[in-house]
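Chemist: Got a structure for you, written out below as structure tokens; questions coming shortly.
What follows draws every value from the coordinates through simple rules; no lab data is involved. The structure displayed is predicted, hence computed values, not measured ones.
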Ligand code: FAD
Ligand code: 2HG
Ligand code: ZN
């Protein structure tokens, strides 16, 4: 690898050991789904905000663009470099410090590279709850969660990552540091910069630290697994759960039979309950501020009424934390089971909850006509109107050939139906490069024009994650 003046300058800033070249960059340049391989000029691993700022300045001077990366678990191919070998990949993973915990303000301020699971643990040890929870929590970073405005399994009660954030520190495209970590719940001093950077997928600035909300720990958490005959019944169960549990409802996940069949086939030891006899299963979680027996009474009343009204055919309430954890593990294993089955086509969409049954019925039918035998793997955060409407090659079919031949046509069917039903083509994963070319067809021209203007104002030389989102 040629030692360019830029690489020498980066080595001076972060130290030679933290500028990776050639083969050492391999684990940073392929996306989580192993669909796309990029190539980086180098991977630079700064250890502080000041180093990030200097890195951005020297890259800007050299006219070299930067791809920020956290845990590289993103699902829309936004965190890896293009294949030109001309971009600097900036990994935040060395920035792991907890800067402050303010118990009275109920906030924690951390570096962007802190892994989500570690953040949950540190907040737990401080006596609070950090509710963001998702399958990739063992490796994704809070910076990446903010950059994608990640959702996960507790949104029905606590909101998306945006709702959990009270402050950011950001390195701008020209290397300045914007410090907005005060942790204020109210601040109407002009445009909301924090919310502009959240969800911008590394295209407007590099998030180096964040102040996140901490919540009271619930006195008890209970999990139930139910067999549900139809999606209409699942939607009705959601409405009933809101009535019975009110703000104690913290999770509501739906899984279709095909999704659970894949988990059962790849991980039989997980012993998926009820899936063989039920088209859908729903996982519910209640977090109660009083006691476990109070939560259990609420849950039992809910399920009794749901069974009387034939929304639920069968149900179990986890007896203990281990059983609850095992049920959640089944739900979190669907993405891995799909990956183990072979490359596939994903659609992370949102719709008004009331439109989901009709959307699924007509889209299932259209796709079965397009690709006979197609496997429709539907699951997701029904409580948020967010479905992972995924597809897999027909049983025994060639997965790669299926994706190559049908990905475009399947996407058109799904996204046109999303548009007709008033939904969004990206609920929680973002746009990245995977959906970039779709965006102009599904976002209003005015909204797109404003987005282009914001990008041009904040990153006039297009140096931050170019070609992503827009
Ligand atoms: P990366 O993948 O490294 O980056 C994602 C994007 O953010 C890229 O565009 C990158 O350039 C940018 N970025 C990263 N760090 C920074 C930074 N510090 N400053 C500026 N830009 C930055 N997502 C959900 O929303 N809900 C889920 O339930 C969910 N479950 C998942 C389950 C599995 C098994 C997997 C593999 C992924 C899942 N995801 C989910 C997607 C993904 O984990 C999340 O989007 C996560 O927030 C990405 O974090 P990361 O640190 O890995 O970011
Ligand atoms: C989840 O909810 C993630 O498990 C991943 O958002 C979804 O694999 C997917 O499509
Ligand atoms: Zn999800």
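Chemist: Rounded, prolate or oblate, given the Cα gyration tensor of region 323-470, with a/c below 1.5 counting as rounded? Let's see the in-between values first.
Modeler: Values: a/c = 1.60, a/b = 1.55, b/c = 1.03.
Taking the square roots of the gyration eigenvalues as a ≥ b ≥ c, region 323-470 is prolate.
Chemist: Pull up the DSSP beta bridges for the chain and report the antiparallel fraction as a percent, rounded to 5. Show your work: numbers first, answer last.
Modeler: Details: 59 of 68 bridges.
Of those bridges, close to 85 percent are antiparallel.
Chemist: Relative contact order for the chain using alpha-carbon pairs under 8 Å, separation at least 6, rounded to a whole percent? Intermediate values should be presented prior to the final figure.
Modeler: Values: 954 pairs, mean separation 71.6, N = 470.
Dividing the mean separation by the residue count of the chain yields 15 percent.
Chemist: Let me ask you something else. Can you give the Rg to Rh ratio of region 342-420, both from alpha-carbon atoms, with Rh computed by the Kirkwood formula? Don't jump to the answer; show the numbers that get you there.
Modeler: Working: Rg = 12.2 Å, Rh = 12.7 Å.
In region 342-420, Rg relative to Rh is 0.96.
Chemist: Where a ≥ b ≥ c are the square roots of the eigenvalues of the C-alpha gyration tensor, would you call region 208-281 rounded, which needs a/c under 1.5, or, failing that, prolate if a/b is larger than b/c, or oblate? Show your work: numbers first, answer last.
Modeler: Details: a/c = 2.31, a/b = 1.44, b/c = 1.61.
In terms of gyration-tensor shape, oblate.
Chemist: Scattering from the C-alpha atoms of region 302-381 alone, worked out with Debye: what is log10 I(q)/I(0) at q = 0.16 1/Å?
Modeler: -0.95
Chemist: For region 1-87, what is the relative contact order in percent, using Cα pairs closer than 8 Å and at least 6 residues apart in sequence?
Modeler: Details: 115 pairs, mean separation 30.1, N = 87.
Computed over region 1-87, the figure is 35 percent.
Chemist: How many percent of the alpha carbon pairs in the chain exceed a separation of 33 Å?
Modeler: More than 33 Å apart: 39 percent of the Cα pairs in the chain.
Chemist: Taking Cα centroids, how far is region 90-134 from region 302-346 in Å?
Modeler: 28
Chemist: What is the ratio of the Cα radius of gyration of region 5-91 to 2.2 N^0.38 Å, where N is its residue count, to two decimals? Walk me through the numbers before you get to the answer.
Modeler: Working: Rg = 12.2 Å, N = 87, 2.2 N^0.38 = 12.0 Å.
For region 5-91, the normalised Cα radius of gyration is 1.01.
Chemist: Write down the Å³ per residue value for the convex hull defined by the alpha carbon atoms of region 220-335. If you can, show how the numbers build up before the last one.
Modeler: Values: hull volume 10.2 nm³, N = 116.
Taking only Cα atoms, region 220-335 has a hull volume of 88 Å³ per residue.
Chemist: Apply the Kirkwood formula to region 98-216: the hydrodynamic radius equals the inverse of the mean of 1/r over all pairs of different alpha-carbon atoms; give it in Å with one decimal. All intermediate terms of the calculation are to be shown ahead of the outcome.
Modeler: Working: mean 1/r = 0.0707 Å⁻¹.
Final number for the Kirkwood radius of region 98-216 is 14.1 Å.
Chemist: Still on this structure, I have one more. Normalise the Debye intensity by I(0) for region 163-254, one equal point scatterer per Cα, no solvent, then take log10 at q = 0.15, 0.23, 0.25 Å⁻¹ and round to two decimals.
Modeler: Here log10 of I(q) over I(0) equals -0.77, -1.09, -1.24.
Chemist: Separate question: Where does region 1-52 land on Rg/Rh, using Cα atoms and the Kirkwood Rh? Don't jump to the answer; show the numbers that get you there.
Modeler: Numbers: Rg = 12.1 Å, Rh = 11.9 Å.
Rounded to two decimals, Rg over Rh is 1.02.
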